[in-house]
Amino acid sequence: MKQPSWLSSQAEEISRHPCYSEEAHRFYARMHIPVAPACNIQCNYCNRKFDCVNESRPGVVSEVLTPEQAERKVRGVAAQLMQLSVVGIAGPGDPLANPEQTFDTFARITKVVPDVSLCLSTNGLTLYRNVDEIIQLGIRHVTITINAVDPEVAQAIYPWVVDEGVRYEGREAAELLISRQLLGLEMLAKLGILVKVNSILIPGVNDHHLPAVSARVQELGATLHNVTPLIIAPGSQYEADGRKAPRPKELLNLQERLGKGGMKVMRHCRQCRADAIGLLGQDRNSDFPLEAMEAEP
Ligand code: SF4
Ligand code: SF4
């Protein structure tokens, strides 16, 4: 059978993405652009006064840019930061809950800096509806945060989701979110998109369940599994519940166990902000103020 053409390019794409390749993170930089303020679900560890905790850390609020400002900023950063290989949208809310801003921004970036890879991070609720747009824009890396594949577990993480104006709660919300996440993952993986799954390790809620998540997402074609420790946003439900972050050893043990299950496990995630710029671990956003970026090329 003839090998699909995208298969041969995947290794090259992985080798230039600082999150997908531990080696690449020493040489290649990423830039997150905060153009997506709204969200369509509630996670119990999140407080929407801060950045989306699925791909970043709470305690900070990224200044939201318009697509025009984002284009200006990307052009300016690309001219100065030679290591830039990836531009992503990860918040501060859910990029696909803001599809116009997100896709308008990506379309502008492909024109301004055609040689960078595009990366999108989402909770996955509306992913299946956006697959065509993702393919057309040439987005090759998508991260989905999947914390559970069992609605019983997911109910303790997500109190509600809103889809097409309808609010779902409890088990119904959990079932809808999980089915959409897995559908989106499967659709993208079949089309050759590199899908990373993020899971947040929440002691007492999904710690025992994450091996099952890993097995399921591997089955559906995920390239990489990134488990990060719970960081509880101030004012969130989990703070009120008195939940605690896992100990470093718990995370290490779990990563080890998932790796033995055959899944490629990311171990160098830095839980970056939704506006982070630079090598992983660096945050050089303040080195590139929007005011200093020229309006026209
Ligand atoms: Fe917060 Fe992100 Fe969850 Fe939305 S998806 S509630 S922004 S952590
Ligand atoms: Fe990469 Fe983790 Fe930072 Fe996302 S939060 S850009 S996966 S290092």
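The values are calculated or read from the model by the stated rules, or taken from the named source; none is laboratory data. Source: prediction; values computed, not measured. FYI the Cβ positions are ideal-geometry reconstructions off the backbone, even for glycines, and counts take in every protein chain you see. To get the accessible areas, we keep the full protein, side chains included, count just its heavy atoms, and leave off ligands, DNA and RNA. Shrake-Rupley method; radii C 1.70, N 1.55, O 1.52, S 1.80 Å.
Things to note:
- Taking P92, P37, P234 as the candidate residues, the one with maximal mean-square fluctuation in a Gaussian network model of the chain, Cα springs under 10 Å, is P234.
- Nearby lysines by direct alpha-carbon distance to K196 (threshold 21 angstrom, same-chain neighbours under 8 apart not counted): K260, K264
- Whole-number percent relative contact order across the chain, with pairs defined as alpha carbons under 8 Å at least 6 apart: 24
- Among residues other than V64 with Cβ under 14 Å from its Cβ, the summed charge is -3 (Lys and Arg +1, Asp and Glu -1).
- Per residue, segment 176-262 exposes an accessible area of 42 Å² to a 1.4 Å probe, with every protein chain left in place.
- Debye, to nearest 20: dipole size of the chain, +1 on Lys, Arg Cβ, -1 on Asp, Glu Cβ: 800
- Lys, Arg +1 and Asp, Glu -1 on Cβ, resulting dipole of segment 9-119 about Cα centre, debye, nearest 20: 280
- Within the listed set L220, L252, L176, the Gaussian network model of the chain (springs between alpha-carbon atoms below 10 Å) gives the highest mean-square fluctuation for L252.
- The accessible surface of segment 17-161, taken with every protein chain in place and a 1.4 Å probe, is 50 percent carbon and sulfur.
- Segment 104-208: mean projected area of Cα convex hull, nm²: 7.4
- Volume in Å³ per residue [convex hull over Cα atoms, computed for the chain]: 127
- Within a straight-line Cα-Cα reach of under 19 Å, K190 can be paired with the following aspartates and glutamates, leaving aside sequence neighbours fewer than 8 residues apart in one chain: E12, E13, D132, E133, E219.
- Qualifying GluC sites (Glu not before Pro) in segment 168-209, DSSP loop, other Cβ atoms within 10 Å at most 10: none
- Cleavage-rule hits, GluC sites (Glu not before Pro), segment 17-110, DSSP coil, Cβ neighbours within 10 Å at most 12: E22, E23, E63
- In this calculation the C-beta distance from S15 to A240 is compared with R0 = 30 Å, giving a FRET efficiency of 0.10.
- For the chain, Cys with no neighbouring Cys Cβ under 4.7 Å: C19, C39, C52, C119, C269, C272
- D by Stokes-Einstein for segment 47-131, Kirkwood Rh over Cα pairs, 37 °C, 0.692 mPa s: 241 µm²/s.
- With K and R counted +1 and D and E -1, the other residues having a Cβ less than 10 Å from that of H225 yield a net charge of +2.
- The listed peptides 136-145, 117-126, ordered by packing as a protection proxy, come out as 117-126, 136-145 (highest mean of other Cβ atoms within 10 Å first).
- Charging the Cβ of each Asp and Glu at -1 and of each Lys and Arg at +1, and nothing else, the dipole of segment 152-214 about its Cα centre rounds to 240 debye.
- Accessible surface, 1.4 Å probe, highest first, among residues S286, S21: S286, S21
- Taken over segment 159-209, the percentage of Cα pairs per 5 Å bin, counting from 0 up to the bin with the maximum distance, is 4, 17, 17, 21, 21, 15, 5, 0.
- Gaussian network model of the chain, springs between alpha carbon atoms under 10 Å - residue of R167, R180, R72 with greatest fluctuation: R167
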